[in-house]
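The values are calculated or read from the model by the stated rules, or taken from the named source; none is laboratory data. These numbers come from a predicted model, not from an experiment. Here the Cβ is made from the backbone with ideal geometry for all residues, glycine too, and neighbour counts use every protein chain on show. SASA here: full protein model, heavy atoms, side chains in, ligands and nucleic acids out. Shrake-Rupley method; radii C 1.70, N 1.55, O 1.52, S 1.80 Å.
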Amino acid sequence: MTPVLYLVIPCYNEEQVLPLTSGKFKAKLDELVEAGKISDKSRVMFVNDGSKDSTWDILSSLTEENPRYSAISLSRNRGHQNALIAGLLEAKSHADITISMDCDGQDDINAIGAMVDEYAKGNEIVYGVRNDRSTDTWFKRTTARSYYSVLRGMGVDIIPDHADYRLMSARVLDALEGYGEVNLFLRGIIPQLGFKQSIVYYSRAEREAGSTHYPLSKMLALAINGITSFSVKPLRIITVVGLLVALLSFIGIVYVLISYISGNVIDGWASTTCIICFVSGIQMVSLGVIGEYVGKIYLETKQRPRYIISERKNITEE
Ligand code: UDP
Ligand code: MG
């Protein structure tokens, strides 16, 4: 039996892009249905992440035009990761497989066929991995590279050059549903789920229109979230640095005492100031890192819902 595939596509203020890309998603699904690779019940499912422009109007009219489209709308903007999980968990009860991708045409639709083939071979998670980063700026390339090595150093299992373009089976999504964390970093969670996994390479295109919703500040927030959600190593590093500083201070005290006893004391303004600056700097950073984790505990313990679905088109609640 051919599997039912749902493309899960989050959209936030994408009125410029959707008229260009929506037809391509549908054409790709039609092609795969025609080729007998997926079921005719397959859908392009959009998730409107509380857009402030006419995105929802565009999506609603698409669903009225053609039954291949369906859409859900979140009650407000919850961010990319939450929009994704909302769409995936919604699609789970209707589909055998889901593929999550961006709506701006950056994730090459021609990799969809290869992903479905990988699924047919028994893989339940298929990662879309970029085969080059030539469309990125030098800055994004370098920061991405260093970030992956930092994450690996912290013991976080992550697939380099893979964003959120991936295929998952309904079984994988059932497992993912058990991860109730509010600070969602899907890229970190999914490799932990296990199951048979494989990779499909694709080349990432430029955005077809509009502009990115990931400015430097949001990228940094996602990066920090990625580390603090999966690793407590930064806390351990603080302890080690603290111990080292304490050891150095102890040596310093011994030195001061010896100088004092030998009557060799001089005005020590510069050295004292340096030490105070250094130690208080380390303390501030340490408090900041601990604060990150305390903040995370605070947010997780409240167990608030990650999203609220306010509307559904061409999809029934289950
Ligand atoms: N997105 C979203 N909610 C947000 C920000 C972004 O659903 O708060 C969607 C956006 O519409 C796009 C995807 O997430 O489909 C990736 O965003 P974007 O293309 O702006 O990021 P980039 O590709 O530049 O990293
Ligand atoms: Mg994009």
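The magnitude of the dipole of the chain, with charges of +1 and -1 set on the Cβ of Lys/Arg and Asp/Glu and taken from the Cα centre, is near 840 debye. Counting Cα-Cα pairs of the range 106-264 in 5 Å increments starting at 0 gives whole-percent bin shares of 1, 7, 13, 15, 16, 13, 10, 5, 4, 4, 4, 3, 2, 2, 1, 1, 0. Here the alpha carbons of the range 178-318 define both size measures, Rg and Dmax, at 25.0, 87 Å. Computed over protein heavy atoms with a 1.4 Å probe, the carbon and sulfur contribution to the accessible area of the chain reaches 61%. Considering the chain as a Gaussian network with a 10 Å cut-off on Cα pairs, which listed residue, Asp96, Asp267, Asp108, attains the greatest mean-square fluctuation? Comparing Asp96, Asp267, Asp108 in a Gaussian network model of the chain, the most mobile one is Asp267. Relative to the longest principal axis of the Cα atoms of the chain, the long axis of helix 55-65 makes an angle of roughly 20 degrees.
With both labels modelled 7 Å from their Cα along Cα-to-Cβ, the Val279 to Val245 distance reads 0.9 nm. Within the set of other residues whose C-beta is less than 10 Å from the C-beta of Gln16, count the net charge using Lys and Arg as +1 and Asp and Glu as -1. Net charge around Gln16: -4.
The local environment of Ser60, defined by Cβ-Cβ distances under 13 Å, has a net charge of -3 under the rule Lys, Arg +1 and Asp, Glu -1. At a Förster radius of 35 Å, what calculated FRET efficiency corresponds to the Cβ-Cβ distance of Leu220 and Arg304, to the nearest 0.05? Result of the calculation: an efficiency of 0.90. Counting only lysines at least 8 places from Lys37 when in the same chain, those with an alpha carbon closer than 18 Å to its own are Lys24, Lys26, Lys28, Lys121. All C-alpha to C-alpha distances of the chain, sorted into 10 Å bins beginning at zero, yield P(r) values of 5, 23, 29, 19, 9, 6, 5, 3, 1, 0 percent in whole numbers. Using only the C-alpha atoms, the convex hull of the range 122-162 corresponds to 68 Å³ per residue. Under a model in which nothing but the beta-carbon of Lys, Arg (+1) and Asp, Glu (-1) is charged, the range 196-298 shows a dipole of about 500 debye around its Cα centre. For the range 114-237, the solvent-accessible area of protein heavy atoms averages 47 Å² per residue (probe radius 1.4 Å; ligands and nucleic acids excluded). Rounded to the nearest 10 degrees, the angle from helix 216-228 to the longest Cα principal axis of the chain is 80 degrees. Compared with the dominant Cα axis of the chain, that is its longest principal axis, helix 233-261 is turned about 10°. With the convex hull constructed from alpha-carbon coordinates only, the range 50-123 shows a mean projected area of 6.0 nm² over all directions.
Among the listed pairs Lys92/Lys233; Lys218/Lys302; Lys52/Lys313, those with a Cα-Cα distance over 30 Å are Lys92/Lys233. Checking every one of the trypsin sites (Lys or Arg not before Pro) in the range 220-318 against DSSP loop status and a limit of 11 other Cβ atoms within 10 Å picks out Lys302. Largest to smallest in accessible area, the residues Leu7, Leu216, Leu299 fall in the order Leu216, Leu299, Leu7 (1.4 Å probe, all protein chains included). Annotation for the range 81-144: GluC sites (Glu not before Pro) lying in DSSP loop with at most 15 further Cβ atoms inside 10 Å of their Cβ do not exist. On the beta carbon distance between Ser61 and Tyr201, with R0 = 22 Å, the FRET formula returns roughly 0.05. Taking Rh as the Kirkwood radius computed over C-alpha pairs, what is the Stokes-Einstein D of the range 12-82 at 37 °C in a medium of viscosity 0.692 mPa s, expressed in µm² per second? Diffusion coefficient, whole number: 256 µm²/s. Quick one: how many Å² of Glu64 are accessible to a 1.4 Å probe, rounded to 10? Glu64 has an accessible surface of roughly 140 Å² with all protein chains in place.
The residues of the range 241-280 present an accessible area of 88 Å² per residue when probed at 1.4 Å with all protein chains retained. Quick one: plug the Kirkwood hydrodynamic radius of the range 1-121 (C-alpha pairs) into Stokes-Einstein at 20 °C, 1.002 mPa s, and report D in µm²/s. D, rounded to a whole number, is 150 µm²/s.
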